[in-house]
Amino acid sequence: MRIGGADEEIAGIIERINSFDDFFTTSSCSGRIVLICLPEIGAKREAKFIGKWHRAVAKEEVLEAIKSSEKGEIWLLSQSPILHVSCRGLEKAKTLLRIAIQSGFKYSSIKAIANSKDNGKVVVEIVSTERMDVPLGKDGVMFCSESYMDFILSKGNFMLERGKGKLKRFYYGLKEVEENLFLGRKG
């Protein structure tokens, strides 16, 4: 957040987490729909974003972005919110993980453990099941009909909004923990 990289919709959650003594966020995204162009599947380093939206997207916006694509495969991705949180100790991480899962972030997990003593750093990844990766075309040729594009976008927009609803539940789950004084606060 200090460098202006946080999405507005997730800023309150980041501020709340970072206000606790035993937690700090390392990366986040409120969920997004992206359009990428890549030479082939798996060529992530060569992928070029040709459209990125942290909100519902209209077909006209996607079609306009496709016009800027270069040679390669064109994929539409709908991705759930994601947060990476560094926690002081395994018990704190397990508490955060429980809140995330209860809020609907079913794919959340412990990502890394360093110095597994009582105050060792544990990284929790908070992520949900909403994800869709759909190939749309290649080398400027669309493989799907307009009606299928409408269907894909309606599903992608639905998943995006569903994920944002889980962010609200997670925010209030953190508030409950704060009110119970389970976690220390900075300053």
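Every number here is computed from the coordinates shown, using simple stated rules; none is lab data. All figures in this text were calculated on a predicted structure; none of them were measured in a lab. As a convention, Cβ positions derive from the backbone with ideal geometry for all residues, glycine included, and neighbour counts pool all protein chains shown.
The trypsin sites (Lys or Arg not before Pro) found in segment 1-72 that occupy coil by DSSP, while having at most 12 further C-beta atoms within 10 Å, are R2, K67, K71.
In degrees, nearest 10, range 0 to 90: what is the angle between the Cα axis of helix 146-179 and the longest Cα principal axis of the chain? Rounded to the nearest ten degrees, it is 10. Applying a threshold of 26 Å to the alpha-carbon distances of K48/K94; K92/K164; K59/K175; K94/K155; K44/K168 flags K48/K94; K59/K175; K94/K155; K44/K168 as lying beyond it. Once both axes come from the Cα atoms, what is the angle between helix 90-102 and the longest principal axis of the chain, in degrees from 0 to 90, rounded to 10? Result, in degrees: 50. Available extension along the chain between K155 and K168 is 2.6 nm, counting 0.36 nm per residue and deducting the alpha carbon span.
Of the GluC sites (Glu not before Pro) found in segment 1-81, those that fall in a DSSP loop while having at most 13 other beta-carbon atoms within 10 Å are E40, E70.
Which whole-number percent is the relative contact order of segment 8-177 (Cα, under 8 Å, 6+ apart)?
Numbers: 341 pairs, mean separation 44.8, N = 170.
It rounds to 26 percent for segment 8-177.
Specify the longest stretch of the chain that does not include any exposed loop site, a site being one of the chymotrypsin sites (Phe, Trp or Tyr not before Pro) with a non-H, G, I, E, B DSSP assignment and at most 13 other Cβ atoms within 10 Å. Before the final figure, lay out each step's value.
Details: sites that count: F143, F182.
Longest gap between qualifying sites, sites excluded: 1-142.
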